[in-house]
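Q: Take this structure first; my questions come after.
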Amino acid sequence: MSSFDEIMPKSSVFKNSSVLSPHYIPKTLPFREMQIMEIMKLLSPAIKGQKPKNLIIYGKTGTGKTCSVKKVMEEFEKLNTDARMHYLNCRIYNSRYRILQRMLKNYAPELEKTGFGLPYLYEKLVDVIKKGHQIIVVLDEIDMIKDLDELVYTLTRVNDETQNGGVTMIGISNKLSFKDALDPRSRSSLYETEMVFPPYTSEQLRQILAQRVPEAFKENAVEDSAINLAAAITAKESGDARYALKLLLKAGEIADQNGKEKITDSDVEAAREKVELDLVGETINTLPEMHQVVLHAIASLSIKGSRYSRLEDMEIEKGFLLSGEAYEEYERTCERLKKKARSLRWFKEYINDLEMLGLVTTMPSSKGIRGHTTLIRIGQNPEDIYNITKRNLFGE
């Protein structure tokens, strides 16, 4: 029988690999000092008992949005003030009810139990605010909230009904276009202030990695050229700092597996393909169930092939599917899962969300196809997507 001593590497290039985790917040955030200062300025009225303006923060994945806000929260918690900041991940807290319930947890713990109606939660929140409390709620991935218009309307009403305190919303989103789906009244209430986080450049990524290396790895365990290569690959792909950190983490694991004492360019190159699949898997695993059903249907149909693509009068670029046949496959997948299929309108919404995440690509149909339809193509290897969603949905 094998022992753990046999399985574990004899030596490791790592000192503390958790430093490379996307959840790790360093003492300083390079190249985001200006954004952090702007957020702090915006929230400063809360210290005096006044309501700050609502804020929407945009930026691609891995541009430091969440880390910057959490850094501000760290500073805010040091203050002697009645104002409170609450961070909510909207993949988990994805409805008005759940968000109101979580916001009230510290003021009325009994509300964690289900069974209280929305009107009761609303009145309870009004009572809390009337006592002069300032609540700043951070809604990370705000676009995942199913009834965002209703939430914005509710919190706006709370502010209208109270004089002393107030509720401020900080929304974080990867999607510049998500506001287009909002009701005009919600949009004007929510979008009092906007901030955009740009992708990191190659040099900025190099410095971010160089900052983490002494904490994460043993001395002289990473060649400078490997850091430069990881930064260059990431800048070309996306400017996503999380991708760069994961690339270096995976390169270290590969070096350990091969019994090496130093990470080189070849380890970074070997890590590249594995990291891309890992990140795709992480993205899919955090999707709501119905988004995964849609993605599974598209991956399945991509593997089988479009039944229309062989017709002579169709001019469909390789790999693209007609939205109609993709929807039919989605309905069949729902039947297998014993789930009720959503309408075509909702299906299109799911496709838009998946496209924003880079999991699918869409384009309008060409002249060779009768009528107007949308063409859909899987954005990654269909077999990989199929296997991940199959495991999540069917447990296989």
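Q: Limited to the stretch 320-336, what total is found for residues that are within 26 Å of the chain's Cα centre (by Cα) and under 23 Å from Phe394 (Cα atoms)?
A: Total meeting the criteria: 5.
Q: With the condition kept exactly as written, say whether any residue in the stretch 171-189 is modelled with pLDDT of 95 or more and on the phi < 0 side of the Ramachandran plot.
A: Yes, some residue in the stretch 171-189 is modelled with pLDDT of 95 or more and on the phi < 0 side of the Ramachandran plot.
Q: Please work out if Tyr87 is surrounded by fewer than 20 Cβ atoms within 10 Å (Cβ to Cβ) and out of contact with any helix residue (DSSP H, G or I) (no Cβ under 7 Å at 6 or more places or on another chain).
A: No.
Q: Here is a follow-up. Does Leu229 satisfy the condition of being out of contact with any Lys or Arg (no Cβ under 9 Å at 6 or more places or on another chain) and surrounded by 15 or more Cβ atoms within 10 Å (Cβ to Cβ)? Outline the logic, then answer.
A: On the way: out of contact with any Lys or Arg (no Cβ under 9 Å at 6 or more places or on another chain): yes; surrounded by 15 or more Cβ atoms within 10 Å (Cβ to Cβ): yes.
Spelling it out, Leu229 is indeed out of contact with any Lys or Arg (no Cβ under 9 Å at 6 or more places or on another chain) and surrounded by 15 or more Cβ atoms within 10 Å (Cβ to Cβ).
Q: Kindly indicate which of Leu155, Leu176, Leu151 is out of contact with any Lys or Arg (no Cβ under 8 Å at 6 or more places or on another chain), part of a helix (DSSP H, G or I) and in contact (Cβ under 8 Å) with a residue 12 or more places away in the chain.
A: Result of the check over Leu155, Leu176, Leu151: Leu155.
Q: Sticking with this one: Can you name every residue in the stretch 109-138 that is in contact with a His (Cβ under 8 Å, 6 or more places away or on another chain) and either over 16 Å from Arg157 (Cα atoms) or assigned to a helix (DSSP H, G or I) (or both)?
A: The one that is in contact with a His (Cβ under 8 Å, 6 or more places away or on another chain) and either over 16 Å from Arg157 (Cα atoms) or assigned to a helix (DSSP H, G or I) (or both): Val138.
Q: Could I ask something else about it? What residue, among those in the stretch 18-66 that are part of a loop (DSSP other than H, G, I, E, B) and in contact with a strand residue (DSSP E or B) (Cβ under 7 Å, 6 or more places away or on another chain), is farthest from Ala251 (Cα to Cα)?
A: Across the stretch 18-66, the extreme among qualifying residues is Gly49.
Q: Write out, first by first residue and then by second, each pair whose Cβ atoms fall under 9 Å of each other, whose residues are 6+ apart or on separate chains, and whose first residue, in the stretch 239-260, is outside the structural domain of Ser225 (by TED's automatic domain parsing) and under 13 Å from Val222 (Cβ atoms) while the second is at pLDDT 95 or above and outside any helix (DSSP H, G or I).
A: Note: no pairs meet the criteria.
Q: Which ones in the stretch 56-84 are within 25 Å of Thr162 (Cβ to Cβ), touching a helix residue (DSSP H, G or I) at 6+ places or on another chain (Cβ under 6 Å) and surrounded by 19 or more Cβ atoms within 10 Å (Cβ to Cβ)?
A: Correct list: Val72, Ala83.
Q: Take the residues in the stretch 169-195 that are within 18 Å of the chain's Cα centre (by Cα) and among the small types (Gly, Ala, Ser), then tell me which one is nearest to Ile56 (Cα to Cα).
A: Checking each candidate, the answer is Gly171.
The values are calculated or read from the model by the stated rules, or taken from the named source; none is laboratory data. Fair warning: this is a prediction, and the values are worked out from it, not measured in the lab. Ideal geometry is used to build each Cβ from the backbone, glycine not excepted, and the neighbour counts take in all protein chains shown.
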